Amino acid sequence: MADRSLESVSLPLEVRARLAELELELSEGDITQKGYEKKRSKLIGAYLPQPPGVDQALPQERRTPVTPSSSSRYHRRRSSGSRDERYRSDVHTEAVQAALAKHKERKMAVPMPSKRRSLVVQTSMDAYTPPDTSSGSEDEGSVQGDSQGTPTSSQGSINMEHWISQAIHGSTTSTTSSSSTQSGGSGAAHRLADVMAQTHIENHSAPPDVTTYTSEHSIQVERPQGSTARVAPKYGNAELMETGDGVPVSSRVSAKIQQLVNTLKRPKRPPLREFFVDDFEELLEVQQPDPNQPKPEGAQMLAMRGEQLGVVTNWPPSLEAALQRWGTISPKAPCLTTMDTNGKPLYILTYGKLWTRSMKVAYNILHKLGTKQEPMVRPGDRVTLVFPNNDPAAFMVAFYGCLLAEVVPVPIEVPLTRKDAGSQQIGFLLGSCGVTVALTSDACHKGLPKSPTGEIPQFKGWPKLLWFVTESKHLSKPPRDWFPHIKDANNDTAYIEYKTCKDGSVLGVTVTRIALLTHCQALTQACGYTEAETIVNVLDFKKDVGLWHGILTSVMNMMHVISIPYSLMKVNPLSWIQKVCQYKAKVACVKSRDMHWALVAHRDQRDINLSSLRMLIVADGANPWSISSCDAFLNVFQSKGLRQEVICPCASSPEALTVAIRRPTDDSNQPPGRGVLSMHGLTYGVIRVDSEEKLSVLTVQDVGLVMPGAIMCSVKPDGIPQLCKTDEIGELCVCAIATGTSYYGLSGMTKNTFEVFPMTSSGGPITEYPFIRTGLLGFIGPGGLVFVIGKMDGLMVVSGRRHNADDIVATALAVEPMKFVYRGRIAVFSVSVLHDERIVIVAEQRPDSTEEDSFQWMSRVLQAIDSIHQVGVYCLALVPANTLPKTPLGGIHLSETKQLFLEGSLHPCNVLMCPHTCVTNLPKPRQKQPEIGPASVMVGNLVSGKRIAQASGRDLGQIEDNDQARKFLFLSEVLQWRAQTTPDHVLYTLLNCRGTIANSLTCVQLHKRAEKIAVMLMERGHLQDGDHVALVYPPGIDLIAAFYGCLYAGCVPITVRPPHPQNIATTLPTVKMIVEVSRSACLMTTQLICKLLRSREAAAAVDIRTWPPVLDTDDLPKKRPAQIYKPSNPETLAYLDFSVSTTGMLAGVKMSHAATSAFCRSIKLQCELYPSREVAICLDPYCGLGFVLWCLCSVYSGHQSILIPPSELETNPALWLLAVSQYKVRDTFCSYSVMELCTKGLGSQTESLKARGLDLSRVRTCVVVAEERPRIALTQSFSKLFKDLGLHPRAVSTSLGCRVNLAICLQPHRLGKLAEQGTSGPDPTTVYVDMRALRHDRVRLVERGSPHSLPLMESGKILPGVRIIIANPETKGPLGDSHLGEIWVHSTHNASGYFTIYGDESLQSDHFNSRLSFGDTQTIWARTGYLGFLRRTELTDANGERHDALYVVGALDEAMELRGMRYHPIDIETSVIRAHKSITECAVFTWTNLLVVVVELDGSEQEALDLVPLVTNVVLEEHYLIVGVVVVVDIGVIPINSRGEKQRMHLRDGFLADQLDPIYVAYNM
């Protein structure tokens, strides 16, 4: 096989032979790559024209032979869908190289993914010498550059030669379809190549929007001159970039992202014009036909008739009759010779033996299985044949035994393990055929997997089978008088051939006895078979061409078959050629792969003579890529007596049997037909002889004429079977007796395939006989020659254009595949994402290729496919060697591979996703509509025809209650009053992790401790009233006492979470920041924390001298204060509440004494709290409602609070629930993190908890305290889990708080007896809204389970004294009921403003003192920063009022504006978490308008890359967004605050500063 670079040089034969030998040695692993290069360059150095400046010894670019795996060189697929050497086409390789040359050799156009060290595949061959780098593209270019004359094409066809020289001359003036982007041609390629040309990356202060179509960029990409000389920037020295907030960051990650942004700014394929409406909400683009697309112009085709099937007088009336005839008149004639692995004849089966043994098998099947009365098998039943590929004789005997017994054989592959790829589907076929008996050989039976008892286990999905061995020695002799009943061929089923569909399902094609006989006759006539001819068969004899020629037709004609097993071919690929010579065989049946192997192994053997061959049947001749093997084979073996007219490609399909076959002619002057078709035309189903576009062509050879006795036509592949025009590609259909008749047991599918009536353009059928769809795409050319261009199964329709998987494989393989991937191990299929097919390529990577190499190869494959097929590849994945699922014959199991890809268990080691370049049907970016202004008349409470969205809790003024605490303005006074009136009433009980009481406080104890602390503040701290004091305490009693001590001394307390002793470096600075920002004059804490602050670790994090004075309250003075401070005015500051928002902002709000008291009263009324009640609180007491419930409410209402620090649950998850049960608590408060801990930690322990007496039946309210959208999935699973322990399903509800108002809603549900007394609150209601409408700020209610539905749970009942309105956050106008807007709140317990050092009043006035722009412009509202909506429910409150439910959708700060729509991170995250079982947590954020998805992986790092396609798919499907970057990290990397909320901005900063140590980062193109 001449080398590309050597094509113009004629090498002497012995040099060529020596080269072939070298290639073989290299592929066998006998010499190293280096040794090979050295010897090779020595050999051919003398013959190469010296390019100027190229050193003689430089090894030239080579084409390595196949080396699939180190174990065996020829471990290669043999099944019908084989994809390997058939794809090799020198011409195509030229085309691809030319296409790539256009995209200048720029290294790494795509940002390379980052991968953790441990993930980089370790080279499995340590001794392997890396390929010599000097044989890279530089000298490859120079050699080709010089040999640009007119290389003699190995194809030997004139038109080819002409265009190769064109391609090599680098016809840069190719047509628009590939050079200018206007035509939608070379989308990705230009963009990819141009990224690195721009070393200068501009600094955008506003990040560029790369997600919309950038039409303002000039379409034609200008390349700077001499750009090749410019060095691409490495990632290390990233440019300085700015974050969205203008913070400069310099890091690798951001440089990569910027690179991605720049790549994506390249013009896309032009946007499409029309839309189809997807449920009216979002308009998805619909593909418009290209006005310039080629259309078929020919006349309507005519059906082609094959020649008459001439019945020869001595043809037998049935195949069994033929067997009987030869078995009795020529019993000694050889029927089948089998070979051992050394190529020695192992066994010769004569016709006599075949006849007697088949009879024996027939007799035993019918009479020796089951009982006389109840035989297991009767005529017409199906039995399966399980024989290995090296035992055709046993198979043949069993097959004819079945025919004689009139039972129906179903041949299948030998199952090797219980879990073979696709074996389950085979089992399904056997089950549906009602198979109960499996015939097999002795050796095969011994080799099947066995259970310990020696039984053959039932394979997954298989019916229960009786295994029956057909060797003669195991069978009984039939009695003298028994004789099989031999009839003429009729319409009974003869055999069933299995067929694997595109989706992996297995069907059985039934072939009747008459079809079987007629097919043998047609083949005999077409191939000119005569008696006693010798035929060499390399094919699988159990199905398809191998069965038809090597088992059936051969017997009809008493031929002698030499069967070459797969195992022998692996050892000696020349064996079939040697057998042709040895037996002077007239016919050989091979696949193009066998021809290719013979070429590679061919060592100029003197004794080869192929002149005896009159016919070389190429079984996969229908694959267009087989032509190169045929041509190359002819080229080499013509000198060995092989004649051109001997090569006979044929086309076949399981349904139509042999569709067409080239007849062996005697006229060697008539060259076979071939066509050079434009690949572009083919994608539109149109035949165009190659136009100017020299790169993308498909060369096809004819597969001969229609079979004798058949009629053929081609029909449109989809829709009604209409006849094609003469220049149109269609599915070939055949009408003949010699075809399959049905899919066994599937009448619907049978009708669509086996009973097709092709229609003429006028609408009438062309004959009254049904045609059969062959599953082959092609056309009938001049002279009635049939051309096949692909299979229906390999068809992928992308944006209305048809691409054939085989063509894509061929292009991928033409991109210097040898170095990085295995030739025969590449799978191409399409997956459906967002209403279109998307192409996926999966290849096995060689163990010795580096990350950089493989990535380089991947980006070049993308460019090549884009140039040649003008289609984008959605995903390109490389998997480690030998990991793709195999078919029983060693090929790739395509549907199984696709299945693994879709379920995320393919475990690739490299992935490149290109959704930005492929997905062109996204909805149009939304244009915001102008809002209705105040001009639209407001009548009463209506705004533009809708009720204004407003609601309020009960009116505080109208509530009659005997609230004693109301007469006090200040909490400090309430405490003093309680200490006097009920001194020994217990207010607080603190539990430790064992559930025992660690500490408790009565009213008087709390009062006394507070007094001592007040003295300490005044005397030791020398504080004035109004000074700020930071309280740094663990959750507990000390914190409460310190708080009231501050009030007694007139100081303003700030509660601060103490630093974590195990994590001082990160937690201490936060403490320091709050102390500083709150301007605390001193810091109060326990002795333990005092020590911690002075420790060495603390000093490393924060300088010890910068702290204000630290007071230790474990050592208190013994005296009382002279007097307790009483504030002069209720509006003065009571305390400061600091918390960090989810966007990472630290905000402190001011709570006045009046607001604090109003707040406590509102909660008391809502939750019906009074001294006799007990409440369990499992919350962090540092901010918001958690602090109020922990420290304030008990003092105001007098109830007892059982305090459970959430941190104690880490050692004892059941602590909170056990306490609730033990103290018979009716109301309890917790956080989401506590609920999650219980759900995850106690899921499997409910039984043991029940045994310990845990009983939650008394709980009437369990409120989750939160500042976010209710986590409905978590609350539901919590309720479900603990239902068995008595928890009422309606008990769980949520609250809503925010910075401006610490609690707006709080919903305790009234259950049990209270419900009958009429004080019941309504159900928490769940509604389902359309997620797509939400993106447009509209609320549309839908049914549960409808597509795109999002469940929302109301956020609790609005507190007394609280008014809510929904306003437009931009225009500040009131909104109607069905609109999503910002929740604004008015209440007496609103905070009075932010506490800021700089006194930035503008921010504060907006958030705390906003007025509506029209309508009620007097009321002062506070803006919560949360988006939500109100809905009036049908439920009524206890007092008969209709109940208004508030639904929170998400925080404004967190919402992401993408494509003009508003997305909430949690929705995307929920979809992503559902995408794969190993994703435990997910967080998303945007960066320069790219969506970044971070997922935590719970599994092995090998699974990391599985997640990339799944994450990309689910976000596209459900949210119409393209993910820009997928980051896979370890568990626990996504930061979560104490409230259990994700800190997405911290995560973003960590990612950009490259601090996450990700397992894998994928940059989607």
Amide H contacts under 5 Å for residue 437, restricted to residues at least 5 apart in sequence or on another chain and with H modeled in the peptide plane, are 384, 466
Note: segment 986-1123 at 20 °C, 1.002 mPa s; Kirkwood Rh on alpha carbon pairs; Stokes-Einstein D in µm²/s works out to 139
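Where Lys and Arg each count +1 and Asp and Glu each count -1, what net charge lies around residue 731 among other residues with Cβ under 13 Å from its Cβ? Provide the component values of the computation, followed by the final result.
Working: positive: 716, 773, 791, 802; negative: 655, 718, 728, 793.
Every neighbour counted, the sum reads 0.
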Most packed first (mean Cβ within 10 Å per residue), the peptides 856-864, 1123-1131, 578-586 order as 856-864, 578-586, 1123-1131
Under the Karplus relation with 6.51, -1.76 and 1.60 and θ = phi - 60°, whole-Hz ³J(HN,Hα) for segment 537-543, x at Gly and Pro, equal 10, 9, 7, 5, 7, 8, 7
Reported to the nearest 10 Å², residue 444 has, with a 1.4 Å probe, an accessible area equal to 10
Length gained if residue 1406 through residue 996 is fully extended, taking 0.36 nm per residue and subtracting the Cα-Cα distance, is 142.8 nm
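If R₀ is 30 angstrom, what is the calculated FRET efficiency for the pair residue 1091 and residue 1022, using the beta carbon separation as r and rounding to 0.05? Before the final figure, lay out each step's value.
Details: r = 24 Å, r/R0 = 0.79.
In this case the efficiency is close to 0.80.
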DSSP beta bridges in segment 577-674: the antiparallel percent, rounded to 5, is 35
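Could you tally the net charge around residue 1559, taking each other residue with its Cβ under 9 Å from the Cβ of residue 1559, Lys/Arg +1 and Asp/Glu -1?
On the way: positive: 115, 116; negative: 1501, 1530, 1557.
Computed value for this residue: -1.
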Between the residues 556, 577, 529, the Cα farthest towards the positive end of the dipole of segment 522-584, that dipole coming from +1 and -1 charges on the beta-carbon of Lys, Arg, Asp and Glu, is from 577
Computed about the Cα centre, the charge dipole of segment 1163-1225 from +1 Lys/Arg and -1 Asp/Glu charges at the Cβ has a magnitude in debye, to the nearest 20, of 240
For residue 450, the accessible surface traced by a 1.4 Å probe with all protein chains present amounts, in square angstrom to the nearest 10, to 90
Checking rank on 649-658, 295-304, 898-907, 834-843, with mean other Cβ inside 10 Å and highest first, the result is 649-658, 834-843, 898-907, 295-304
With every protein chain in place, the accessible area of residue 38 for a 1.4 Å probe, in Å² rounded to the nearest 10, comes to 150
If R0 = 25 Å, then residue 1272 and residue 1146, at their Cβ-Cβ distance, give a FRET efficiency to the nearest 0.05 of 0.25
Between the modelled labels at residue 762 and residue 34 (7 Å from Cα along Cα→Cβ) the distance in nm is 7.8
Between residue 755 and residue 924, the FRET efficiency computed from the C-beta separation at R0 = 35 Å comes out, to the nearest 0.05, as 0.20
Share (percent) of C-alpha pair distances in segment 502-614 greater than 25 Å works out to 29
Residues whose modelled amide H sits under 5 Å from the amide H of residue 621, counting only those 5 or more places away in sequence or on another chain, are 650
Heavy-atom accessible area of segment 1146-1268 with neighbours in place, 1.4 angstrom probe: carbon+sulfur share in percent works out to 48
Here segment 1505-1516 yields Karplus 3J(HN,Hα) values (6.51, -1.76, 1.60; θ = phi - 60°; whole Hz; Gly and Pro given as x) of 6, 4, 6, 4, x, 5, 5, 4, 4, 5, 6, 5
Residue-ordered couplings for segment 1204-1219, obtained by feeding phi - 60° into the Karplus form 6.51 cos²θ - 1.76 cosθ + 1.60 and rounding to whole Hz (Gly and Pro as x), are 10, x, x, 5, 5, 6, 5, 8, 9, x, 7, 3, 4, 5, 5, 5
Using the Kirkwood formula on alpha carbons, the hydrodynamic radius of segment 732-864 in angstrom works out to 18.1
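Percentage of Cα-Cα pair distances in segment 773-814 greater than 17 Å, rounded to whole percent? Don't skip to the end; give the middle numbers.
Values: 370 of 861 pairs.
Summing the P(r) of segment 773-814 above 17 Å gives 43 percent of all pairs.
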For residue 372, the lysines lying under 19 Å Cα to Cα, once residues fewer than eight places off in the same chain are dropped, come out as 360, 477
Non-local residues with an amide H under 5 Å from the amide H of residue 459, with H modelled 1.01 Å from N and Pro and chain starts lacking one, are none
Stretched fully, the stretch from residue 483 through residue 1557 gains (0.36 nm per residue minus C-alpha distance, one decimal, in nm) 378.9 nm
Distance in nm between residue 984 and residue 490 label points, each 7 Å along Cα→Cβ, equals 10.7
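The values are calculated or read from the model by the stated rules, or taken from the named source; none is laboratory data. This one's a predicted model, so the numbers in the text were calculated from it and none came from an experiment. Reconstructed Cβ throughout: ideal geometry from the backbone, glycine too, with neighbour counts over all protein chains shown. Quick note on the areas: whole protein, heavy atoms, side chains included, nothing else; ligands and nucleic acids left out. Shrake-Rupley method; radii C 1.70, N 1.55, O 1.52, S 1.80 Å.
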